[in-house]
Amino acid sequence: MDNMLARASGRPVTRRRSRVALASAVVGLAVAAATVAVASGASAGTTLGASAAEKGRYFGAAVAAHKLSDATYVGILNREFNSVTPENEMKWDATEPSQGQFTFANADRIVNHARANGMQVRGHALAWHSQQPGWAQNLSGSALRQAMVNHVTQVATYYRGKIHSWDVVNEAFADGGSGARRDSNLQRTGNDWIEVAFRAARAADPTAKLCYNDYNTDDWSHAKTQAVYNMVRDFKARGVPIDCVGLQSHFNSASPYPGNYRTTLSSFAALGVDVQITELDIEGSGDSQATAYRNVANDCLAVARCTGITVWGIRDTDSWRASGTPLLFDGSGNKKPAYTATLDALNGGTTPPPTTAPPTTAPPTTPPPSGDCAATVSLNSWNGGFVATVRVTAGAAAINGWAVALTLPGGATVTNTWSARATGTSGAVTFRNVDYNGRLSAGATTEFGFQGTGTGPTSTPTCTAS
């Protein structure tokens, strides 16, 4: 039973459990989309997923692979929800137990079930200080940074096209009033590690939404909330690829639903990112619990870029906080008053028109000549290694392919490349397009990236079109 009570993703400091001790726990889920499939043919307005889909949202639940043999569990899942996220099955310790050796069987079981039943999948989590395999816990510095980038790249590449939203980085900020980053082995590789993880994820899975996910970020007045907000604002201003922010929203008497919750949702949305309620559970019972669930649903519906809600489990007995009966179904699978309140809110709510997102990175001020291309490179470096992101821009005419040449400094070596094919690993290196990113219309751009040891390139790359 112990492993069924653990949640292992994040929780307010007021909660009574060790994150390390609960490493086998249940993990959050759900996927946002402007238009969401209704699972298992449910009639609109009669189930959570169907009602949310009418408003252009999802309603999801955290799912564990070993519970897919439970008929009651699966019956509720298939009837009520249109989004899932593996609880633990996509985390670092589960997918790469030995360095460079990947295993996806348990995660695949959940992904395949979801896709077979018309549900979206929310991936959780690519980079996190907790639930790292032992070999990663024993790394530090450039070795850990390289391992993290490789892990993000390999897992996101494996699931490319199957994941709607990734929690790229999970719980990187400290609790309390400092607003500081959490001290972790990943943070000690350099303050840019979050940005590096997002850029690697974008290169590996270009169509998925990329999210930052954290707990105790529900109250707009909290320093931790403001710190995450400032990071997202900075990322958007500098063109770091971030598409969404996940609020875990674990509420109880010590950490209740805040009256400014809607302000938090709308403030993040105003930055031009989607907001997802990723791990919702609310301890309590009866009318008070029902009211809190209704408030959360209404707040999400009131913010156009709040794209969905995920509850942290299905039945109370599936929850990491089972004694607090925090979910929408009791242990026997019966609907609780909180379920009815949530469904009524989804059916009665209105959806405001979407706002126009701010523009992304501006095009180059001096376009390359007709029929040609140009390339620029940006670096994220640390002591002993780097990740390079290269942007290729077509000129005034469409191109059918491209090649980018650059020279690495002495001692530098390319160790990993994505979205391109590399010729050479040191000195003069040439990168050529792959099948899906060679054809560019006039003025269009694409990106590829590579990881290396030593010092990254500082010379201007040259681009040749074909």
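The values are calculated or read from the model by the stated rules, or taken from the named source; none is laboratory data. On a predicted model such as this, the values are computed, not experimentally measured, just so you know. When we count neighbours, we look across all protein chains shown, and the Cβ atoms used for this are built from the backbone with ideal geometry, even at glycine. SASA here: full protein model, heavy atoms, side chains in, ligands and nucleic acids out. Shrake-Rupley method; radii C 1.70, N 1.55, O 1.52, S 1.80 Å.
Observations on the model:
- Candidates T153, T85: the one that is under 21 Å from G308 (Cα atoms) and among the hydroxyl-bearing types (S, T, Y) is T85.
- Segment 406-451 - residue that is hydrophobic (A, V, I, L, M, F, W, C) and within 18 Å of D205 (Cα to Cα) and, of those, modelled with the lowest pLDDT: W418
- If you go through segment 381-409 and keep only what is within 18 Å of T464 (Cα to Cα) and β-branched (V, I, T), you end up with T389, V390, V392, T393, I399, V404, T407.
- In segment 118-211, counting only helices (runs of 4 or more DSSP H) that sit wholly within it, the ones holding 3 or more residues that are open to solvent by less than 20 Å² (accessible area, probe 1.4 Å) span 141-158, 193-204.
- Only listed residue being on the phi > 0 side of the Ramachandran plot and modelled with pLDDT of 85 or more, chosen from G454, G395, G384: G454
- Checking each residue of segment 418-428 against the condition of being under 21 Å from V196 (Cα atoms), assigned to a strand (DSSP E or B), open to solvent by 40 Å² or more (accessible area, probe 1.4 Å) and among the β-branched types (V, I, T) gives no match.
- Restricted to segment 222-260, and to residues there that are surrounded by fewer than 17 Cβ atoms within 10 Å (Cβ to Cβ) and basic (K, R), the residue that is modelled with the highest pLDDT is R233.
- Segment 261-282, residues that are buried (at least 21 other Cβ atoms within 10 Å of the Cβ) and among the polar types (S, T, N, Q): T264, Q276, T278
- Subset of segment 436-460 that is open to solvent by 10 Å² or more (accessible area, probe 1.4 Å) and in contact with a Phe, Trp or Tyr (Cβ under 9 Å, 6 or more places away or on another chain) - its residue that is farthest from T425 (Cα to Cα): L440
- For segment 286-338, filtering for residues that are free of Cβ contacts under 8 Å to residues at least 12 places away in the same chain and touching a strand residue (DSSP E or B) at 6+ places or on another chain (Cβ under 7 Å) leaves 1.
- Whichever residue in segment 67-87 is farther than 13 Å from I110 by Cβ and not in a helix (DSSP H, G or I) and, among such residues, is farthest from the chain's Cα centre (by Cα): D70
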